[in-house]
Every structure is written in C-alpha cells, then in structure tokens.
Amino acid sequence: MTHDSAASLTELRDRLGVIADLTQASALMSWDQRTYLPPKGNAGRSRAIATIGRLRHDRMTDPSLADVLASLEAADLEGDDAALVRETRRDVDLAARLPRELVGRAAEQFSLAETSWAAARAHDDFASFAPVLRENLVIVREIAQAHAAGGDLYDALHDLYERDSTAAAVEAVFTPLRAELVELVGEIRERGRSIDVSPLLGAFDEGRQERFNLGVARAFGYDLDGGRLDRTTHPFASGIGRGDVRITTRYKGDDLRGALFPTLHEAGHGIYEQNLPAEHAGTPLGRHASLGVHESQSRLWENLVGRSLPFWEWAYPRLQETFPDRLGAVDLEAFHAAMNVVEPSLIRVEADEVTYHLHVMIRFELERALLEGSLDVDDLPGAWNERYEAYLGITPPDDRRGCLQDVHWAGGMIGYFPTYSLGTLLSAQLWEALRRDLGDVDDAMRRGEFGGILSWLIEHVHRHGRRYTPAELTRRATGAELSAEPYLRYAREKYGTIYGL
Ligand code: ZN
C-alpha cells in the first residue's frame with residue numbers, strides 16, 4: 001500500500017468515526033424515546049433526531065468524503081481495506097440519492113408516528129393513527145422513488161433491509177413454504193395429540209420472570225457489562241455503540257411465554273451485535289450483514305436452542321425453582337410440549353414456529369398493496385382481518401391485536417417484514433451446518449453449556465460484520481444458497497415428535 005493510500009484510509013476512518021458518533025447519538029435518543037421519555041418530550045425529541053439525521057446526511061454526502069473514497073477506489077487495495085471502501089461506497093451512494101430535506105422530514109415524521117402508533121395501540125384507536133400512516137406512506141414512496149431510479153418501489157425499499165433480495169425472490173420462497181406449512185398445520189390439527197397449555201397461563205411474578213429470562217440470556221452469551229434489559233411497547237434490540245448493546249421486552253400478565261421468548265430473541269440480536277468485529281467498530285464493516293442475517297441469530301437462540309428439549313432439560317429445573325407453586329408439579333415433557341404448542345394466534349411475536357411465517361406473509365402482501373396504493377389506509381383493518389381469517393382461521397377481535405400490533409409501518413419501515421422469515425429459514429440452515437461441524441450439541445445444552453454454539457456463530461457469522469453480502473455469508477457458513485428445506489426438515493421432525501404424527 002502506498003503512503004497516500006494509508007493516509008487516505010486514516011482519513012476515511014476518521015470521517016466514518018464522526019458519522020458513527022452521530023448515529024450513536026440518534027440511536028440512544030430513539031432508545032430513550034421507546035423506553036423512558038415522558039410523553040411531553042416526544043415532539044422535541046423527534047425534532048432532535050431529525051436534526052441529527054440531517055447532520056449525518058451532510059457528512060455522508062460531503063464532497064471531501066467522496067474525494068477520499070474516489071482516491072481509495074483508484075488505489076489497489078486488498079482484503080478488509082478493499083471491503084471497507086466497497087461498503088462505504090454503498091452507504092455513500094444510498095445517502096446521496098436522498099435529498100437532505102427528505103431525510104430530516106422522514107426522521108421527524110417517523111419518530112412522531114411511532115408515538116402516535118403507541119397511543120393508538122394502547123387505546124385500540126386505528127382511526128387516530130390512519131392519517132399518520134397515510135403521511136408515512138407518502139414519505140416512504142418518495143424514499144422508494146429516490147432509490148428505485150425507475151425500478152420497482154418495493155424492491156428498492158426491501159433492498160435497504162435485505163441486500164440483493166427482491167419481492168420476486170421472497171415470493172419464490174414463500175409460495176412453496178406456505179403450501180408446506182398449511183399442510184403441516186392441517187396434519188397437526190387433524191392427527192396431532194392435544195396439548196395442554198394451562199401450565200403457562202395465569203399470573204407469574206414479573207421480577208422473577210426477569211431474573212430467570214436474563215439468566216438464560218447470559219448463559220447464551222449476552223454480556224450484561226455491555227448491555228441491559230428494559231421494558232417497552234414493542235421489543236427490540238439496539239446496538240447503540242461499541243460496548244453498549246441494549247435489549248427490551250414486554251410482560252404479558254397472563255402468559256409466561258409473553259416475555260420469555262422476546263427476551264431470548266432480542267438477546268440473540270444483542271449477542272450478534274456484541275460480537276461484531278471490534279477492529280471495524282464505527283465503520284460499515286463493523287455492522288451487521290443484513291436484517292435477515294440479524295434475524296437468523298435471534299431466531300436461532302429463541303427457537304433452535306430456546307424451544308428445544310435439551311435446553312429445557314437444563315433450564316426447566318431452574319424455572320421450577322423460580323415458580324415452585326406454579327410449575328413444581330408439571331413434568332418436563334408436558335412443559336416442553338406446552339411451550340411448543342402449534343395453534344393459530346393473533347400476535348406475530350408470540351406465534352409458534354410453524355404458524356409464524358403466515359403472519360409475515362400477510363404483512364408482506366399488505367405492505368406491497370399499501371405502497372402501490374391498491375389498498376387504502378382506511379381499508380387496512382378490514383384487509384388485515386380478512387387475511388387472518390383466510391390464512392390462520394381466526395379474526396382479530398380488535399385492531400390492537402390486529403393491524404396495530406407491529407411498530408414497523410409506524411416507523412416508516414416497508415419492505416422489512418420478509419427479513420423475519422428469511423432470517424428464520426437461515427437460522428435452521430445455520431443450525432444444520434453447525435451440527436455438521438460440531439456434532440451433537442444436545443449434551444452440551446443439557447449441561448447449560450452454550451459456548452460451543454456461540455463460538456461457531458462468532459466464527460462463521462458475527463466476526464465478519466459486513467465483509468460479505470448476505471448471500472456470500474450464507475454460502476460460506478453453510479455451503480449452500482438460502483433454502484427453506486432445512487427449516488422444513490427441522491419443523492417436520494420436531495413437530496412430528498411433539499404431536500406424535
Ligand atoms: Zn428480531
């Protein structure tokens with residue numbers, strides 16, 4: 001490397017470091033807005049987040065940054081340096097497509113919209129949220145048009161969350177997946193034994209739940225010296241900065257699963273963030289590969305580990321000690337079956353592993369219709385409920401448990417939902433590869449030892465940050481393209497056993 005290239009790389013990292021600091025400020029302000037900010041602070045906070053967004057955009061589109069980047073592109077870089085330049089180019093180009101004014105307007109609108117969504121959800125008042133969502137869609141369309149350059153609007157947005165993926169690619173996965181899942185759900189309903197979920201229902205002390213759930217998250221590898229758990233309306237994880245990766249959950253007064261699985265899920269996201277490459281912190285290379293890859297990590301810990309029998313052989317005696325009155329007389333098998341009951345339900349984040357994808361497919365269809373304008377915002381609750389009836393055989397009794405349940409559209413995120421299913425499929429594919437490499441990990445899980453699993457994930461996923469595209473990362477880690485087959489093999493075997501099919 002020439003002296004000039006070395007100096008330019010230093011300058012690039014310095015400039016990216018300033019941008020990362022602005023991102024950190026805005027992430028912390030958003031985290032606070034979703035957790036502790038008093039309601040009267042919302043308008044001012046939303047404005048401040050917009051200001052930071054504009055400053056960040058100024059830095060990303062600064063001609064001096066473009067000059068440094070161009071000089072590095074002309075140099076003959078290799079390895080991580082070349083990857084850093086390539087990934088910075090992607091971010092700079094994405095930023096350059098958006099006018100500064102739109103960036104600020106979008107940031108302010110979306111963070112205000114999140115607070116009106118939370119109020120609408122609390123009061124089951126879709127009518128109060130409808131005009132906000134309508135305005136969100138106007139801005140989202142502007143953003144999509146800026147990125148699409150005449151191409152498909154949905155694809156342009158989806159690519160922001162899942163690089164190189166398209167609606168057609170998602171449909172190609174969803175269509176056969178839906179057929180297989182509908183068949184499996186039918187088999188379970190017709191031939192499966194009946195499972196009693198009552199041990200999980202009723203009141204469980206929240207403080208004890210929190211201690212137990214956090215204990216499991218720590219055992220998985222979530223580092224509390226670099227993280228914390230708080231309460232929120234819609235559970236999320238936020239990598240605010242190096243050494244500060246926070247997770248949130250919510251408690252459901254009448255169901256033990258309500259906080260447990262979201263906590264394990266968000267801990268999975270947190271563990272990924274905590275193990276991203278430290279040497280690339282503050283640059284695009286130090287970030288996650290895609291939302292699908294992120295979701296593969298949360299779903300792996302939540303489901304492949306957290307809903308498995310070997311895991312509960314270790315964890316269940318601890319849970320029984322935590323709630324002796326409630327669970328002392330419930331045996332492990334009955335408990336494990338209850339934790340894995342398959343039944344159509346209203347809330348996506350509480351759905352079982354088999355019906356989960358149907359929730360995502362509904363949102364994928366609806367958000368495409370909203371974006372292209374073939375579905376009017378006022379008709380959303382009706383369209384939502386019709387699809388729940390058609391796909392899951394149930395009708396939400398209110399919008400709070402219907403189209404108001406998820407934060408994404410309020411936050412201006414259209415094109416995001418498919419990453420939940422893509423990530424879930426990847427989690428099963430990674431799990432197969434992990435077991436091929438490590439052999440049987442069940443015994444380790446029975447002993448409460450998760451370090452082998454974590455090390456494999458760090459080695460094959462976390463430490464690469466954004467060095468590879470999601471498709472490359474998948475190929476390198478698993479030896480194959482992303483496919484629904486590992487997930488379907490896993491689901492058929494697991495639920496065949498649980499339901500005695
Ligand atoms: Zn997630």
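Quick notes on this one:
- Residue-level analysis places G292 among those that are within 18 Å of H408 (Cβ to Cβ), among the small types (G, A, S) and within 15 Å of the ligand (Cβ to nearest atom).
- So R189, is it more than 16 Å from the ligand (Cβ to nearest atom) and either modelled with pLDDT of 95 or more or closer than 30 Å to L366 by Cβ (or both): yes
- Y272 falls short of the stated requirement of being of a type in the set (F, W, Y), out of contact with any Pro (no Cβ under 7 Å at 6 or more places or on another chain), more than 16 Å from the ligand (Cβ to nearest atom) and at negative phi.
- Single residue of F212, F220 found to be closer than 16 Å to L264 by Cβ, touching a residue at least 24 places away in the same chain (Cβ under 8 Å), surrounded by 15 or more Cβ atoms within 10 Å (Cβ to Cβ) and within 16 Å of the ligand (Cβ to nearest atom): F220
- Here region 230-250 is the region considered, the condition is being open to solvent by 40 Å² or more (accessible area, probe 1.4 Å) and closer than 19 Å to I347 by Cβ, and the residue that is nearest to the ligand (Cβ to nearest atom) is T233.
- If you go through region 118-132 and keep only what is at pLDDT 95 or above and surrounded by 19 or more Cβ atoms within 10 Å (Cβ to Cβ), you end up with A120, R121, F126, F129, V132.
- Only one of S64, S46 that is in a helix (DSSP H, G or I), modelled with pLDDT of 95 or more and open to solvent by less than 50 Å² (accessible area, probe 1.4 Å): S64
Each row is one residue, and each column tells you yes or no for (1) open to solvent by less than 30 Å² (accessible area, probe 1.4 Å); (2) within 21 Å of the chain's Cα centre (by Cα).
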{"position": "M361", "(1), (2)": "yes, yes"}
{"position": "D376", "(1), (2)": "no, no"}
{"position": "D379", "(1), (2)": "no, no"}
{"position": "A390", "(1), (2)": "no, no"}
{"position": "S421", "(1), (2)": "yes, yes"}
{"position": "G448", "(1), (2)": "yes, no"}
{"position": "I453", "(1), (2)": "yes, yes"}
{"position": "L473", "(1), (2)": "yes, yes"}
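- Residues that are of a type in the set (A, V, I, L, M) and away from the ligand (no atom under 16 Å from the Cβ) were ranked within region 423-446; the one that is most open to solvent (accessible area, probe 1.4 Å) is L438.
- Region 295-308, residues that are within 12 Å of the ligand (Cβ to nearest atom) and either closer than 25 Å to V18 by Cβ or among the aliphatic types (A, V, I, L, M) (or both): L300
- The set of residues from region 117-127 being over 14 Å from D379 (Cα atoms) and assigned to a helix (DSSP H, G or I) comprises W117, A118, A119, A120, R121, A122.
- Within region 159-172, being assigned to a helix (DSSP H, G or I) and surrounded by 19 or more Cβ atoms within 10 Å (Cβ to Cβ) holds for D159, Y161, V170.
- Unique residue being open to solvent by 20 Å² or more (accessible area, probe 1.4 Å), in a helix (DSSP H, G or I), in contact with a Lys or Arg (Cβ under 8 Å, 6 or more places away or on another chain) and not small (G, A, S) when the list is E321, E333, E273, E313: E313
- Matching option when the condition is over 18 Å from the mean Cα position of the chain (by Cα), more than 16 Å from Y468 (Cα to Cα) and either modelled with pLDDT of 95 or more or not in a strand (DSSP E or B) (or both), among G268, G282, G258: G282
- Hey, D399 at pLDDT 95 or above and surrounded by fewer than 20 Cβ atoms within 10 Å (Cβ to Cβ) or not: no
- Hey, I458 buried (at least 21 other Cβ atoms within 10 Å of the Cβ), away from the ligand (no atom under 16 Å from the Cβ), part of a helix (DSSP H, G or I) and touching a residue at least 24 places away in the same chain (Cβ under 8 Å) or not: no
- So L304, is it open to solvent by less than 20 Å² (accessible area, probe 1.4 Å) and modelled with pLDDT of 95 or more: yes
- Set side by side, the residues A149, A156 differ, and just one is modelled with pLDDT under 95, hydrophobic (A, V, I, L, M, F, W, C) and either under 20 Å from H288 (Cα atoms) or surrounded by fewer than 19 Cβ atoms within 10 Å (Cβ to Cβ) (or both), which is A149.
- Annotation note: of T115, T88, the sole residue that is surrounded by 15 or more Cβ atoms within 10 Å (Cβ to Cβ), in contact with a Pro (Cβ under 8 Å, 6 or more places away or on another chain), of a type outside the set (D, E) and over 28 Å from V68 (Cβ atoms) is T115.
- Looking only at region 76-103, and only at residues there that are aliphatic (A, V, I, L, M) and not in a helix (DSSP H, G or I), the one that is farthest from the chain's Cα centre (by Cα): L77
- The residue list T263, T283 contains one member that is touching a helix residue (DSSP H, G or I) at 6+ places or on another chain (Cβ under 9 Å), of a type in the set (S, T, Y) and away from the ligand (no atom under 15 Å from the Cβ), which is T283.
The values are calculated or read from the model by the stated rules, or taken from the named source; none is laboratory data. None of the values given here were measured: they were computed from a predicted structure. Because the Cβ atoms are built from the backbone with ideal geometry, glycine has one as well, and the counts that use them run over all protein chains shown. SASA here: full protein model, heavy atoms, side chains in, ligands and nucleic acids out. Shrake-Rupley method; radii C 1.70, N 1.55, O 1.52, S 1.80 Å.
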